[in-house]
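**Q** Pasting a structure here, questions to come.
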Amino acid sequence: MMGLTNEHLAKWLEKTNAKIQENKTFLTNLDQAIGDGDHGINMSRGFDEAVKKISSTEYKTSSDLLKDWAMTLLSKVGGASGPLYGTALLKFSMSMKDKEEVDYSSLTAGIEEGLNGLIQRGQAQEGHKTMVDVWSPVVTFLKEQPAFNPEGFKEIAKEAMEKTKDMKAIKGRAAYLKERSIGHLDPGSVSSYYLFSSLAEVIEEEGVGL
């Protein structure tokens, strides 16, 4: 079984960035409704910088590439999303240690470490209308499958993102709106869906056996 190489990870970042750039206004509009109004702007800047950094650097291990991706987001993305995405990807990178390729079990463990980082950093649980509401079901799905199922993975992430619309925000700026936060998608859940759907597409398009 071939794993995810650094080339695949770079393509994952590029694909996610393309989705974020394409939906920058949509993400900003979502955030204007229930947050600080800067999610799309911050994410498009941070992911653009991460692509520049990673495309101009040679990496020996997956861990090094993921760490640079994380550190770029930490330094370039403002608001709450920079520290959250940065922490999640940093935890992911640390779980990879010296791996040159990412197999299914290490991908599952890495995303779970990312989720734990999000919970720790944001003090949020499932049901609080945050990124955790996409990351947590994705981890559960990965643990239940014997191998990577791209369609199922995308579907789970999409369903989880859509469920945030009916939730009342408990954490973040949106929590101040209480009941008025219901009826709006959580912006961090939407960008997390872009992240995970991009991963599934790279695995499918590149024929990675996970």
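**Q** Relative contact order for the chain: what percent, with Cα pairs under 8 Å and sequence separation of 6 or more? Mind dumping the intermediate values first?
**A** Details: 370 pairs, mean separation 49.8, N = 210.
Across the chain, relative contact order equals 24 percent.
**Q** Which ordering of 61, 25, 72 is given by a fewest-first count of other beta-carbon atoms within 10 Å? List each step's numbers first, then the result.
**A** Working: 61 16, 25 11, 72 23.
Ascending Cβ contact count within 10 Å gives the list 25, 61, 72.
**Q** Where the centroid of each part is defined by its Cα atoms, how far is the stretch 8-51 from the stretch 153-210 in Å?
**A** 13
**Q** A further question on this structure: Quick one: 95, 56, 191, 106, fewest Cβ neighbours within 10 Å first, how do they rank? Before the final figure, lay out the partial values.
**A** Numbers: 95 22, 56 7, 191 27, 106 19.
Lowest count first: 56, 106, 95, 191.
**Q** Further question on the same structure: Using the number of other C-beta atoms within 10 angstrom as an exposure proxy, rank 85, 193, 59, 176 with the fewest first.
**A** Working: 85 29, 193 24, 59 17, 176 11.
Going from least to most buried by this count: 176, 59, 193, 85.
**Q** I've got another one for you. Just how large is the dipole of the chain about the Cα centre, in debye to the nearest 20, putting +1 at every Lys and Arg Cβ and -1 at every Asp and Glu Cβ? It would help to have the intermediate numbers written out before the result.
**A** On the way: 25 positive and 31 negative charges, 175 e Å.
Dipole magnitude for the chain comes out near 840 debye.
**Q** Which residue fluctuates most in the GNM of the chain (Cα springs below 10 Å): 157, 109, 147?
**A** Checking each option, the largest mean-square fluctuation is seen for 147.
**Q** Give the angle, between 0 and 90 degrees and rounded to the nearest 10, that separates the Cα long axis of helix 24-34 from the longest principal axis of the Cα atoms of the chain.
**A** Here the helix axis deviates by roughly 40 degrees.
A short reminder: the numbers here are calculations on the coordinates, not readings from a lab. For clarity, every value in this text was computed on a predicted model and none was experimentally measured. When we count neighbours, we look across all protein chains shown, and the Cβ atoms used for this are built from the backbone with ideal geometry, even at glycine.
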